[in-house]
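Read through the structure below, which is laid out as structure tokens, and then see the notes.
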Amino acid sequence: MTLPTLTNIERLRGGRILLRVDFNMPIVDGVVSDDFRLLRTVPTILKLRAAGLRIVLISHRGEKEDSLELIARLFVK
């Protein structure tokens, strides 16, 4: 069996994909101060969406108290 890659994902159309991303970004006063990591994931996310996939993103934030809520809101616009 060949694992799907971004070049052969057509066969997964309509399916769901789990995508591990690194959204451990600095947040200062409730604002993402460096969105480089977020912006670098956008092309991959768009390609997966264009292939008809439903995407589940997983990530983490550095400390236990940190939350991904602010970053998640950036995707729900």
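The values are calculated or read from the model by the stated rules, or taken from the named source; none is laboratory data. Note that the structure is predicted; figures quoted are calculated from it, not measured. The accessibility values were calculated without ligands, DNA or RNA, using every heavy atom of the protein model including side chains. Shrake-Rupley method; radii C 1.70, N 1.55, O 1.52, S 1.80 Å.
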Under 5 Å from the placed amide H of Asn24, counting only residues 5+ away or on other chains, we find His60
Given only helices, namely DSSP H runs of n ≥ 4 each adding -39500 (n - 2.57), what is the per-residue ellipticity at 222 nm of the chain, to the nearest 500 deg cm²/dmol? -8500 deg cm²/dmol
Would you mind calculating the gained length between Asp34 and Leu18 on full extension (0.36 nm times residue separation, minus the Cα-Cα distance), in nm to one decimal? 3.3 nm
Report the full-extension gain for the segment Ile55 to Thr41: residue separation times 0.36 nm, less the Cα-Cα distance, to one decimal in nm. 3.8 nm
Can you give me the accessible area per residue for the chain, using a 1.4 Å probe, in Å²? 77 Å²
